[in-house]
Amino acid sequence: MRFKKLFPSSLALVATLSLAALASAAVPTVVILGTGGTIQSKGDTRMTRYDYRAGRFDITEIIDLIPQVKDLANLEAEQYTNIGSPSMTPEVWKGLVEKINEKALRSDVSGFVITHGTNTLEETAFFLHLTVQTDKPVVVVGAQRPSTSISADGPMNFYNAVQVAASPDARGKGVFICMNQQINSAREGTKTSAYKVEAFQSRDLGFLGVVDPDGVHFLRAPVRRHTYLSEFDISDISEFPRIDVIPSFADASGDIVDFVVGAGAKGLVLAGHGAGGASPAQGDAFKAAISKGVPVIASSRTGSGRVIESSRMTESGIVAGDNLLPHKARILLMLAVASGKTDREELKRIFDQY
Ligand code: ASP
């Protein structure tokens, strides 16, 4: 009664409508960009992941399998491409970056989820981490088991990834790999197991946070430059340079180095033994490559720990890759070379800052 006296019915209607508008404006929009992989695959049996084909489901079909996800956010889904991640290329990465940058300008969009095959997922994630120009969360997610297998992990991984993309706490922390309830930074997160569900880990550093039954919880944040604080603007780059990773092992020859330089490599990353070590023959081949203007970054095949500049590296002109895994150092070097930053001091700065 009292309410009616204060608000005649037409005013009450307007008030109700505005509240409804406010409530729907508060529901975040999460943009989903599907790229394929096991998370979008179908198996021939419900048991295995041996007989399956990646990229069989469209992303909207996956979302329909998990109706609960629609309660978390307004989902705007697009099947950007539908490939297995071994076929991923820098050209696809560039297209994703352009899409994310454009949609991130919309105030209703709170974040992004990219579905991806797990094999090269961490490379895409790190490329985006270094190049998207937004503080809105970008979450890259995959699955270890096909969507038709028993105990498929994809649906829960996807549900959790949407929660992270919609979470205000995820802002400003760069790009994430979110699987098995764990939120890893794109810089360190890496696939550590061929088949186990707990595949993605950050080794020495641990994950940034978790998605538990009570939601998203961050425990720490990355401190290196990324996303909106990165200097890498790829809008004018039409071709990405060839960068090769060269493994070292006992008695390795320099032939692979000589070959890839001859084939047009514009930069090399050594996946060295120990703290970035190479055989004497490789050392000579690297020196020759550097004298031809091909920069060389030293990283470690051990999978953890930092590579720091040794006197041998100083003498030959090799740059230490810090704790970046070889395939991640390759992406940072690719962006540096594509931006014309090949000078040794400049590369040292870049590998210190990212
Ligand atoms: N072969 C798959 C891919 O990387 C593996 C996966 O998605 O887990 O596309």
Nearest-20 debye value, the chain charge dipole, Cβ charges on Lys, Arg, Asp, Glu: 780
If one computes the Cα centroid of region 134-155 and of region 314-350, what distance in Å separates the two points? 31
With T = 25 °C, eta = 0.890 mPa s and Kirkwood Rh from C-alpha pairs, the Stokes-Einstein D of the chain in µm²/s is about 113
What part of the accessible area of region 214-354, given as a whole %, is carbon or sulfur when the probe is 1.4 angstrom? 52
Neighbourhood net charge (15 Å Cβ-Cβ; Lys/Arg +1, Asp/Glu -1) for residue 300: +2
Highest-fluctuation residue, 109, 31, 197 considered, GNM on the chain with Cα pairs under 10 Å: 197
Could you give the dipole magnitude of region 295-354 about its Cα centre, charging the beta-carbon of Lys and Arg +1 and that of Asp and Glu -1, in debye to the nearest 20? 220
Using the Cα centre of the chain as origin and beta-carbon charges of +1 (Lys, Arg) and -1 (Asp, Glu), tell me which of 38, 170, 112 is placed farthest towards the positive end of the dipole. 170
Computed over the Cα atoms of region 202-276, what is the ratio Rg over Rh, Rh following Kirkwood? 1.14
Cα lying deepest toward the dipole's positive end in region 46-155, options 93, 127, 67, charges on Cβ: 67
Quick check for me: using +1 on Lys/Arg Cβ and -1 on Asp/Glu Cβ, what's the dipole size of region 218-354 about its Cα centre, in debye to the nearest 20? 380
Violating pairs (Cα-Cα greater than 20 angstrom) within the set 103/173; 266/348; 287/348; 99/191; 266/287: 99/191
Expressed as a percent, the portion of alpha-carbon pairs in region 65-213 spaced more than 24 Å apart is 25
What does the charge count around residue 241 come to, taking other residues whose C-beta lies under 12 Å from its C-beta (Lys +1, Arg +1, Asp -1, Glu -1)? +2
Solvent exposure of the chain as accessible area per residue, Å², 1.4 Å probe: 45
Where does the charge balance sit around residue 317 when Lys and Arg score +1, Asp and Glu -1, over other residues with C-beta under 9 Å from its C-beta? +1
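The values are calculated or read from the model by the stated rules, or taken from the named source; none is laboratory data. Predicted model, so just to flag it, every value in this text is computed and none were measured. Counting neighbours? That spans all protein chains shown, and the Cβs are built from the backbone with ideal geometry, glycine included. These accessible areas exclude ligands, DNA and RNA; they are computed on the full protein's heavy atoms, side chains included. Shrake-Rupley method; radii C 1.70, N 1.55, O 1.52, S 1.80 Å.
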